[in-house]
1. Let me confirm something: among 76, 80, which residue is of a type in the set (Val, Ile, Thr), assigned by TED's automatic domain parsing to the domain that holds residue 166 and part of a strand (DSSP E or B)?
2. For segment 31-57, what are the residues that are open to solvent by less than 10 Å² (accessible area, probe 1.4 Å) and of a type in the set (Gly, Ala, Ser)?
3. If the Cβ limit is 7 Å and pairs must be 6+ apart or interchain, which residue in segment 299-310 that is among the basic types (Lys, Arg) pairs with which residue that is part of a strand (DSSP E or B) and within 16 Å of the ligand (Cβ to nearest atom)?
4. Tell me the residue from 199, 176, 165 that is among the small types (Gly, Ala, Ser), at pLDDT 95 or above and in the same structural domain as residue 48 (by TED's automatic domain parsing), please.
5. Identify, please: which residue in segment 240-267 is assigned to a helix (DSSP H, G or I) and away from the ligand (no atom under 16 Å from the Cβ) and is, among those, surrounded by the fewest Cβ atoms within 10 Å (Cβ to Cβ)?
6. Within segment 7-30, can you find the residues that are in a loop (DSSP other than H, G, I, E, B), open to solvent by 10 Å² or more (accessible area, probe 1.4 Å) and of a type outside the set (A, V, I, L, M)?
7. I need the full set of residues from segment 270-315 which are within 16 Å of the ligand (Cβ to nearest atom), open to solvent by less than 60 Å² (accessible area, probe 1.4 Å) and part of a helix (DSSP H, G or I), in order please.
8. When you scan segment 229-236, do you find a residue that is closer than 20 Å to residue 162 by Cβ, in the same structural domain as residue 156 (by TED's automatic domain parsing) and aliphatic (A, V, I, L, M), even just one?
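The values are calculated or read from the model by the stated rules, or taken from the named source; none is laboratory data. Everything numeric here is computed off the predicted structure, so don't read it as measured data. Backbone-built Cβ (ideal geometry, glycine too); neighbour counts: all protein chains shown. The area values use the complete protein model at the heavy-atom level, side chains included, leaving out ligands, DNA and RNA. Shrake-Rupley method; radii C 1.70, N 1.55, O 1.52, S 1.80 Å.
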Amino acid sequence: MSATIDKLVHATAAGNQVRLMAAITTELVGEACRRHGTSPTASVALGRVLTGGLLLGSGLKDLEKITVQFHCEGPIGNIIAQSDSSGGVRGYVSNPEADVTRLNGRGKFDVRALVSGGTMYVTRDAGFEIGLMKEAYQGSVPIVSGEIGEDFAYYLAKSEQINSAVSLGVLMTVDADEQTEDWGSRPEFPIERLKVAVAGGYIVQMMPSAEEELIRDIERVVREAPSVTEMIRAGLNPYEILSTALGDLNISPLDETEPKFYCQCSRERALHIISALGRAEVEDMLAKDNGAELTCHFCNERYQIRGDELSTLLRDSSME
Ligand code: ZN
């Protein structure tokens, strides 16, 4: 595996007529897929949503968060990603084992077949966890494509009135030398050995001030650009990906971060959740199982709570 370090950049171009976000997310998508044990096609779907959520979240301030939810009609169920202002992102799919074993007509994992319609929701909120809730904003659109990147572009156009080009990619591999792109003609691929080789993406947003001619030029060069996974495999950094995708627009960097798979869950929070179940429930857990187990949806971390910890919770007289 190449030694890519994940990076998220935020920039403008053409004198603020264009806003740009680009990211390499190989490590964090790999970690998410390992944690959840996702099938190859579910890995590609989850990786695209995590990357899209991270890109949408670039430029968030302090306590702001963005949650992207794909409520799919297809076998994958829900795909969820949540990102924060520090470049932390976490997420999961409700059916990680769902898969389609054949490739689509272009020799790629058939994400569309796993998703196949539904609704996409994007929620922006701030400070909820410390009780400083700013009015949450939620937009939703039907899932029109199922390829994820096109759905992000549709959401931005319809719900936020921002014309955007969105490219999201996850390439799976068996090892560094053998890429899935060459497997189109193979009857079977060694699914259990597949890993995330590279992942990343970019979003090009046209600001209301963008001139018609500029928009047409950008649409053309983006269409002709190599795929984002090809560019990452070739060793390009996020700025170079943007320059390659956009041609010679003058790019002005705004900020960059090292994004990470990051979950806010902790043993303390797990105990808090159990305590909120109430005295009767906790006494029952203690009597029946002498403990409790909690699994975090977002990161699949398991918390084994011991009997003596439950007893300590019960000694707290504030528990109802
Ligand atoms: Zn967690």
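1. Only one candidate passes the filter, namely 80.
2. 32, 42, 43, 45, 47, 52, 53, 57
3. 302/293; 302/295
4. Exactly one residue qualifies, and that residue is 199.
5. Out of the qualifying residues, it is 240.
6. Residues satisfying the conditions are 15, 16, 17.
7. Scanning segment 270-315 gives 270, 271, 274.
8. No, segment 229-236 contains no residue that is closer than 20 Å to residue 162 by Cβ, in the same structural domain as residue 156 (by TED's automatic domain parsing) and aliphatic (A, V, I, L, M).
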